[in-house]
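A quick write-up on the structure given underneath.
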Amino acid sequence: MARLSSVVQCCFQIRTCCVWCEYGARRSALVDCEIGFCILVNGALNGCYSGQIIMKSGETVCVGNGVEETPELRTSSIAIIKQWLLDERPDLEIPEESKLILYFLRTTKYNMDKTKRKLMTFIKNREKLTEWFTNRDPNRPEIQELLDIGVFLPLHQKDTLNRQVVIVRTSAHNPSKHKQDTVFKVDKMILDLLLYLDETVSIDGVVAIFDMQGVTLGHALQLTPAMIKKSVESWENYPCKPKLLEFVNVPVHVNIVLNVFRSFMSPKMRERVTISRKGSTLEQSITLPLELGGNGESYSELAEYWKQTVLANAQFYAKMEENLFHL
């Protein structure tokens, strides 16, 4: 196991990592992790928990369709998009260390027009959807409840294509108690943190498994066409390359809702949707949680892990509310 200090623990299987305290005395080191993703596990550095997986600055990576991201292409493309963005929105502040523009370049495989369109939609959505992107203090009671339930659970292990797998538990919450907007808020909070902690998600993408076990009419009624539309638009304009949207344990009566979802999707996104009345088809490429028939961690174990990780990064969310380019 790679060792950085007494406050570092390796827990994800990945290539390289950089760990520092963003909000206290800065400490950083790039290490080769045979086992994993280094993350701070106590508050030794001003009470700060922070861990990041970043690419080496001189590294060339394939971002898809044969497009290679070289250091030169990366630097010049970021500069072009940054200047365009500041011309369009001079009110924005874009720190030098921000990865957001880079993530969108990767998502679009360095198509400059698509990058501009997706990035601007992302910014406008963050400003418009205040119900999702404000008041994101993880200590708020309504957020704590949903973290305890575990509505959005990234798995520790990547699949065989190095894609991040996330479990979206669409029916885990109580629709008479929890607002759908708050559920989506928590989903986005964890997705934002995932992108912040693991740069490779912007390269290899995300596989989302929507577990619909136990879905009720109350859950379905929360998903109005307007709610579904903004959810789909958000997914399609997030810098994380959704590669597969797999709906599992789907009751027959939910097909109407799923058809509405698909009606708002682009043709490319619709091609990436699969629906199963039983479990996931990904058992050969990933160790699934116990509830999906695998031998991995249970939903409750994953929920506890992500609750503690979110709480440990409370200052990240405060920074994001001040400036979305903190990502």
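Can you sort Trp235, Trp306 by 1.4 Å-probe accessible area, starting with the largest? Let's see the in-between values first.
Working: Trp235 30, Trp306 5 Å².
From most accessible down to least: Trp235, Trp306.
How would Ile81, Ile149, Ile275 rank on accessible area, largest to smallest, probe 1.4 Å?
On the way: Ile81 0, Ile149 45, Ile275 70 Å².
The ranking, largest first, comes out as Ile275, Ile149, Ile81.
Cross-link pairs exceeding 20 Å in C-alpha to C-alpha distance, out of Lys82/Lys116; Lys188/Lys229; Lys179/Lys268; Lys179/Lys243; Lys116/Lys319, comprise Lys179/Lys268; Lys179/Lys243; Lys116/Lys319. The average projected area of region 61-131, computed from the convex hull of its Cα atoms over all directions, is 5.2 nm².
Treating the beta-carbon of each Lys and Arg as +1 and of each Asp and Glu as -1, no other charges, what is the dipole magnitude of region 136-326 about its Cα centre, to the nearest 20 debye? Walk me through the numbers before you get to the answer.
Values: 21 positive and 23 negative charges, 138 e Å.
Charge dipole of region 136-326: 660 debye, to the nearest 20.
For Phe152, the residues 5 or more places off, or on other chains, whose built amide H falls under 5 Å of its own are Arg169. 3J(HN,Hα) along region 79-93: 5, 5, 5, 4, 5, 4, 5, 5, 5, 6, 9, x, 7, 6, 10 Hz, from the Karplus curve 6.51 cos²θ - 1.76 cosθ + 1.60 with θ = phi - 60°, whole Hz, x for Gly and Pro. Peptide packing for 94-101, 312-319 was compared via the average number of neighbouring C-beta atoms within 10 Å per residue; ordered from the highest value, the list is 312-319, 94-101. By the rule of a C-alpha distance below 18 Å, with chain neighbours fewer than 8 residues away ignored, the aspartates and glutamates paired with Lys241 are Glu68, Glu69, Asp113, Asp159, Asp187, Asp192, Asp198, Glu199, Asp204, Glu233, Glu271.
Coupling constants for region 228-243 follow from the phi torsions by the Karplus curve (6.51 cos²θ - 1.76 cosθ + 1.60, θ = phi - 60°), and in residue order they are 5, 4, 6, 5, 5, 4, 5, 4, 6, 10, 9, x, 9, 6, x, 8 Hz; glycine and proline get x.
Keeping all protein chains in the complex and leaving out DNA, RNA and ligands, what accessible area do you get for Leu327 with a 1.4 Å probe, in Å² to the nearest 10? Accessible area, nearest 10 Å²: 10 Å².
The simple spin-label model puts a point 7 Å past each Cα toward its Cβ; for Glu236 and Thr121 those points are separated by 0.5 nm. For region 95-145, the Stokes-Einstein estimate of translational diffusion at 20 °C and a viscosity of 1.002 mPa s comes to 167 µm²/s, using the Kirkwood hydrodynamic radius over alpha-carbon pairs.
Amide H contacts of Thr274: Leu245, Glu246, Phe247, each under 5 Å away and 5 or more positions distant or on a separate chain (H built 1.01 Å from N in the peptide plane; Pro and chain starts excluded). Ordering Ile256, Leu194, Pro175 by the projection of their Cα atoms onto the charge dipole of region 154-257, which places +1 on the Cβ of Lys and Arg and -1 on the Cβ of Asp and Glu, puts Pro175 at the extreme positive end.
The values are calculated or read from the model by the stated rules, or taken from the named source; none is laboratory data. Being a predicted model, the structure only gives us computed values, none of them experimental. In this analysis, Cβ positions are derived from the backbone assuming ideal geometry, glycine residues included, and neighbour counts consider all displayed protein chains. Remember, those area values only see protein heavy atoms, side chains included, never the ligands or the DNA or RNA. Shrake-Rupley method; radii C 1.70, N 1.55, O 1.52, S 1.80 Å.
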